[in-house]
Amino acid sequence: MVANKSTTKNQSLLHAQGVKRLNLIGKYSTQLMDAYIKGFFDEDSVSVGILNNLVDARILYRPDATQGLKLRPDVNKLIANLTEDERKRQINADVSSPLYEINTLVEHYTDAQRKDNYIGVDYYFYSLTEKVHDMTEQLSNDIEFLWNKLHADFGFVNNLSDKIRENELAQKQSQHLLNGLKIIDFNYLFELTQNNSKLRKLLVVDLQKKISELHSSLLEVQERLLNLMLVFRKQQKRLLLINNMVAFLKQNPNFEFRDYPNRSNVPDIFNKAASINASANIALDRLSDQSVLSEIVRSLPASVENHVEPLEVGNDFETTEIISVSVEYEKLKKDVTKFFEYFIEQNVIVSALVYLQNNKLDWDAELWLFQVIAEYEGLAQNFHQDIKFEKKKKIVSAFNQLEIIQDIHLIIVV
Amino acid sequence: MLEHGPLLTELLAGKSICKITDEENHRRLQNETIREDINKYLRPLNRRIATIKNESVYFLAYQELNAEARNHLAKEFDQTIKFLLPLLEWMQLTQEALGDDSVFSIEDIIDLYKYARSIESNQALQKRFSKLASNRFFNSSSSDLQNQLKQVFKKLEDNNYLHKLHKDQQYYIITGKIEYLIEIIEFIKEEESLQIEETAQQEPMF
């Protein structure tokens, strides 16, 4: 019982001291953060008394007489963790030492149990729970810290060589953590609990569950780190290739490359074919398209007769061009109308092309046939029954059934 | 075959299909059955679908290398070699300007504003950039840095090395054509057994 009283007393002392020192950190947080960033503490920023307090409180220390005051490594670590400063955060997990402590605490616990010291039993069980929690929490933080580095794509350093080094470090740390997890021997812990179900739940069942979670998270982070490393290496190789090729081409401006395009085997990267233009023209060989096309033909430039005076101010060139196109089109239309008049008077089959040649008309054959078709389409429906209108076609491509109209034969069928 | 019409037209027009400029068609081309179907169609046109090692870009190659084909390929090759150095120099300069090492893979993003600021604030880089901008490939006649930047990025966009996601934004995405270019220099390096040292020093940054 005496031992327990002194424990309580020690705890309250510890508590008071902790509060005092934490307050000290809070009160001089600005100066301490400056020291965290600059690497040394500005000794003129506080009084000598405070300076001594900070040293006594194990917040600052002087590595040797020639150097200025610095933050203790633990304080540095604390700040790095609080600010998630990935440059300075470190992997701390050491599994073996908490395991020894757990071992000792279990011995205290069973001892207290044997002596029927119930307060001791409760106290040591509480300490054990806390120790196990601290250990898994530390491991879990360290793994989370690796994940953070990974998610940030090592963006806290900005050149590739640094990223590669950081990744290597993270891989070593993950391996270190993994080795730490392997130290935990559940068979040993099982024996240690000696059929005490409360202890067994804490040290075997719950701990095993937690450690197994951490283990799979760690394996995954390790795999991702490795994959990211491959990406980094690929980038590094690529940069080197670019830089080296630039240097080479500059040093050898007249370098004669081999004749890759004329090799028997041309690599695909040098076999990029010329473009093919998939152009299309008006085709009248498909009945279903004809009405659409004749619509288009009808909407072509209006006749000269309907032409209004060109605007006085405007682009002369463009208007003349439109007029000349319209005039041409009107002429073509007139010639085709004449052809139709001629054919109606005949009682034999008339070829549109032969008429074109015989009359020495200066129209392109395709344009001529096109207009003949348009004229025919434009006739009233009852005329269509009276005329046999035959398109002479020729197949030009077997692949897409493309046909060309070569000539048009007309005859009155009444 | 009908649903591949627009893709065929693009391919025949000489376009390179990558997931940055044409994600859907790139996905289609990753399907072997579709590639076989299209190849069947392309055979009478003496074309076939070709790609690079990482399949980030697809294009049409000649099925049979007749004289006409080789003639075209020789011209293409000359062009490639002619503009190799300015393109690589641009890549090198960009890497130095942005200080970020991951800018030369498909999907990497270049922020034009950040790029401009970085060139502006470094005399040596600015000098090199101006010299590069006046190269025949980029062909800028301006002595003003902003105009030079505009011209260089426009040229890269026109030649499909960069793709602008939104018309008014300053972000450019690297397309599969850069991957294609990298594969060309990898190939040349191997084939010509260029004695370029693996550890050759980079040009100093400043």
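The values are calculated or read from the model by the stated rules, or taken from the named source; none is laboratory data. None of the values given here were measured: they were computed from a predicted structure. Cβ: placed from backbone, ideal geometry, glycine included. Neighbour counts: every protein chain shown.
Tabulated results
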read-out: Flag for B:Tyr161 being within 14 Å of chain A (Cβ to nearest Cβ), in contact with a strand residue (DSSP E or B) (Cβ under 9 Å, 6 or more places away or on another chain) and aromatic (Phe, Trp, Tyr); value: yes
read-out: Unmet criterion (only one of (1) of a type outside the set (Phe, Trp, Tyr); (2) surrounded by fewer than 17 Cβ atoms within 10 Å (Cβ to Cβ); (3) over 18 Å from A:Arg200 (Cα atoms)) for A:Asn103; value: (3)
read-out: Test: residue in the stretch A:259-268 that is crowded, with 16+ Cβ neighbours inside 10 Å, within 26 Å of A:Asn103 (Cβ to Cβ) and either outside the structural domain of A:Lys333 (by TED's automatic domain parsing) or free of Cβ contacts under 8 Å to residues at least 40 places away in the same chain (or both); value: no
read-out: Among the candidates B:Gln202, B:Gln195, B:Gln169, residue that is modelled with pLDDT under 90, surrounded by 15 or more Cβ atoms within 10 Å (Cβ to Cβ) and out of contact with any Phe, Trp or Tyr (no Cβ under 7 Å at 6 or more places or on another chain); value: B:Gln202
read-out: Residue ID - modelled with the highest pLDDT, chosen from residues in the stretch A:269-301 that are closer than 30 Å to B:Gly176 by Cβ and loosely packed, with under 10 Cβ neighbours inside 10 Å; value: A:Asn277
read-out: Enumerated helices (runs of 4 or more DSSP H) restricted to the stretch B:27-143, each holding at least 2 residues that are in contact with a helix residue (DSSP H, G or I) (Cβ under 7 Å, 6 or more places away or on another chain) and more than 11 Å from chain A (Cβ to nearest Cβ); value: B:32-42, B:112-120, B:123-133
read-out: Test: residue in the stretch A:123-132 that is crowded, with 17+ Cβ neighbours inside 10 Å and at positive phi; value: no
read-out: Test result for A:Gln406, touching a Lys or Arg at 6+ places or on another chain (Cβ under 6 Å) and farther than 18 Å from A:Val292 by Cβ; value: yes
read-out: Selection count, the stretch A:34-64, where residues are in contact (Cβ under 8 Å) with a residue 24 or more places away in the chain and within 22 Å of A:Gln17 (Cα to Cα); value: 6
read-out: Whichever residue in the stretch B:144-164 is part of a loop (DSSP other than H, G, I, E, B) and polar (S, T, N, Q) and, among such residues, is surrounded by the fewest Cβ atoms within 10 Å (Cβ to Cβ); value: B:Asn159
read-out: Residue match in the stretch B:107-122 (condition: of a type in the set (Lys, Arg) and closer than 23 Å to A:Phe270 by Cα); value: no
read-out: Qualifying residue in the stretch A:237-249 (condition: in contact (Cβ under 8 Å) with a residue 60 or more places away in the chain and in the same structural domain as A:Leu177 (by TED's automatic domain parsing)); value: yes
